[in-house]
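Below: the structure, in structure tokens.
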Amino acid sequence: MSARQSDERAADRERAILEALREAGDDYVSGRALAEQLGVSRTAVAKRIDGLRERGWRIEAAARRGYRLLAEADSLHALAVQPLLQTRWLGRRYEYHLQLDSTNDALTALARQAAPHGTVVVADEQRRGRGRQGRSWASPPGENLYFSLLLRPEWPPGAVPPISLAAAVGVAHGLARFFDRPPTVKWPNDLLCDGRKLCGILVEMAAELDRVIHVVVGVGINVNQRRFPGELEPIATSLARELGRTVSRPAVLAAVLAGLESWLDALLAGATERVLDEWTQLADWLGQRVTVLSANQQLRGIALGIDRDGALRLRDDRGEEHRVLAGDVHLLRT
Ligand code: BTN
């Protein structure tokens, strides 16, 4: 048996053990019953129980009674996330890694090997997490969400920018169930709570001149991180910081994937106006004075809204209107 086949068999056994323990609720399931169900020895069951414990599931073993599930793991392993998934196509192919350089890079490599629309790659930690405009994205282990999803729209490349707006709306809706009101969006796709960044989104694509090959949407959400290094401290926040309690990462991921699927579906089905309207609702700073920094210019003026292609419209102090396709918005306190 190849190493891959043996890993898959171990994962199948762990999935079956977890299902049996979850179904039993507060009751014990005997090692013998598990061994019989799986057609393996009790030692093999004990080995898989140890594997689950190593990944964070709390499982009690009691003499003559068997095993009992005490607590689910705060793990992003498929065994923890898939039972919570309510999506049709997003995350149905799901890959989890303890550590990656970047989930966007890993998914791009999978896309080149014909991974399907909706594939999701998740990492507990990124060594070289990437942000927009060539920045890095700090990605410490055990606390946050770092994942990427693959889209294969049959579109020309010029139609892609609204995907980043739909992604922001989708994540905001997914997160809304944890808050009294959803986070706000900052153009093009940051999510903020009271002006501090909760989530960043990096959209990348491979295309020919007239046709998209694939789009990778990378999402980083600060979930349970309470302290941020140096320069991030005053500008970053997390769900735990906003809510004053730790939140289950698999539950957040499942909620966010559901929100993403529904808003990406809307966009892919042509409901661009609905996506733009929703984005505009969440952008409570529209109508205010902003500075927009892009690669070749700095503009200051009133943010008017967004166009159908995702461009930000701005009226400068001389009354001239501009359309900005890429850059960063900074709110000006007047
Ligand atoms: C930004 O606001 O600058 C975008 C940050 C995007 C970070 C996510 S984390 C998962 C995915 N993999 C990456 O390397 N980056 C994105």
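The values are calculated or read from the model by the stated rules, or taken from the named source; none is laboratory data. Since the model is a prediction, treat every value here as computed from it, not as a measurement. Please note: Cβ atoms are built from the backbone with ideal geometry, for glycine as well, and neighbour counts cover all protein chains shown. We work out accessible area using only protein heavy atoms, side chains counted, and drop any ligands, DNA or RNA first. Shrake-Rupley method; radii C 1.70, N 1.55, O 1.52, S 1.80 Å.
Which of Gly310, Thr237, Pro250 sits closest to the plus end of the dipole of the range 208-334, meaning its Cα is farthest towards the positive end, when Lys and Arg get +1 and Asp and Glu get -1 on the C-beta?
Selected residue: Thr237.
Compare the Cα positions of Val185, Val216, Gly195 along the charge dipole of the range 178-254 (+1 at Cβ of Lys, Arg; -1 at Cβ of Asp, Glu; about the Cα centre) and return the one farthest towards the positive end.
Among Val185, Val216, Gly195, the one farthest towards the positive end of the dipole of the range 178-254 is Gly195.
Within the chain, what whole-number % of the accessible surface is contributed by carbon and sulfur, with the 1.4 Å probe and all protein chains included in the calculation? Provide the component values of the computation, followed by the final result.
Values: 7570 of 16340 Å².
For the chain, the apolar C and S fraction of the accessible surface comes to 46 percent.
Report the extension gain between Gln82 and Thr280 in nm, rounded to one decimal, defined as 0.36 nm multiplied by the number of residues separating them, less their alpha carbon distance. Present the calculation step by step, with values, prior to reporting the outcome.
Values: separation 198, 0.36 × 198 = 71.28 nm, distance 3.22 nm.
Length gained between Gln82 and Thr280: 68.1 nm.
Return the whole-Å distance between the Cα centroid of the range 179-215 and the Cα centroid of the range 38-73.
After rounding, the separation between the Cα centres reads 40 Å.
Between the range 110-137 and the range 295-334, how far is it from one alpha carbon centroid to the other, in angstrom?
Between the Cα centre of the range 110-137 and that of the range 295-334, the gap is 29 Å.
In what sequence, highest mean first, do 78-85, 128-135 appear when ranked by Cβ atoms within 10 angstrom?
Going by the mean number of other Cβ atoms within 10 Å, highest first, we get 78-85, 128-135.
Quick one: length gained pulling Arg22 to Glu54 fully straight, 0.36 nm per residue minus the C-alpha distance?
On the way: separation 32, 0.36 × 32 = 11.52 nm, distance 1.78 nm.
In short, 9.7 nm is gained.
Over the chain, with a single point scatterer placed on each C-alpha, what log10 of the ratio I(q)/I(0) does the Debye formula yield at q = 0.08, 0.09 1/Å?
-0.43, -0.53
Cα axis of helix 162-176 to longest principal axis of the chain: angle in degrees, 0 to 90, nearest 10?
For helix 162-176, the angle is close to 50 degrees.
I want to make sure I understand the PRE zone here: with the label point 7 angstrom from the Cα of Arg289 toward its beta carbon, which residues in the range 300-318 have backbone N atoms less than 14 Å away?
Inside the label zone: 300-303, 315-318.
Provide the net charge surrounding Leu202, with neighbours chosen by a C-beta distance below 9 Å and charges set as Lys +1, Arg +1, Asp -1, Glu -1.
It works out to a net charge of +1.
Taking the full set of protein chains and a 1.4 angstrom probe, give the accessible area of Arg300 in square angstrom, rounded to the nearest 10.
That residue has around 110 Å² of solvent-accessible surface.
In the neighborhood of Val40, defined by Cβ-to-Cβ distances under 13 Å, what is the net charge if each Lys or Arg adds +1 and each Asp or Glu adds -1?
+3
Just to check I understand the Karplus step: with θ = phi - 60° and J = 6.51 cos²θ - 1.76 cosθ + 1.60, what whole-Hz values come out for the range 283-291, glycine and proline as x?
Coupling constants for the range 283-291: 9, 6, 8, 4, x, 9, 7, 9, 10 Hz.
Using the Cβ atoms and a cut-off under 13 Å, what net charge is assigned to the surroundings of Ser164, where Lys and Arg are +1 and Asp and Glu are -1?
-1
What list of ³J(HN,Hα) values in whole Hz, one per residue of the range 245-258 in order, does the Karplus curve 6.51 cos²θ - 1.76 cosθ + 1.60 (θ = phi - 60°) give from phi, with Gly and Pro shown as x?
Once θ is set to phi - 60°, the couplings for the range 245-258 become 7, 6, 10, 6, 5, x, 5, 5, 4, 4, 5, 5, 5, 5 Hz.
Provide the descending list of Cα extents for the range 23-68 along its principal axes, expressed in whole angstroms.
25, 21, 20
Checking the a/c ratio against 1.5 first, then a/b against b/c, what shape does the Cα gyration tensor give for the range 284-334?
Values: a/c = 1.31, a/b = 1.16, b/c = 1.12.
Note, shape of the range 284-334 comes out rounded.
Which whole-percent values make up P(r) of the range 38-192 when all C-alpha to C-alpha distances are grouped in 5 Å steps starting at zero?
Whole-percent P(r) values from 0 Å outward: 2, 7, 12, 16, 19, 16, 10, 7, 5, 4, 2, 1, 0, 0.
What is the calculated FRET efficiency for Gln298 to Gln5, with r their C-beta to C-beta distance and R₀ = 51 Å, to the nearest 0.05?
E(calc), rounded to 0.05, equals 0.35.
Using the heavy atoms of the protein chains alone and a 1.4 angstrom probe, what is the accessible area of the chain per residue in square angstrom?
Accessible area per residue: 49 Å².
Please state the shape class of the range 138-297: rounded when a/c is under 1.5, otherwise prolate if a/b exceeds b/c and oblate if not, all from the C-alpha gyration tensor. Spell out each step's value before the answer.
Working: a/c = 1.59, a/b = 1.43, b/c = 1.12.
Prolate shape, in that a/c is at least 1.5 and a/b is the bigger ratio.
Among Leu38, Tyr28, Leu79, whose Cα projects farthest towards the positive end of the dipole of the range 15-86, with charges put on the beta-carbon of Lys, Arg (+1) and Asp, Glu (-1)?
The residue sitting most towards the positive pole is Leu38.
Between the helical axis of 272-282 and the dominant principal axis of the chain, each derived from Cα atoms, what acute angle in degrees is found, rounded to the nearest 10?
Relative to the chain, helix 272-282 is tipped by roughly 90 degrees.
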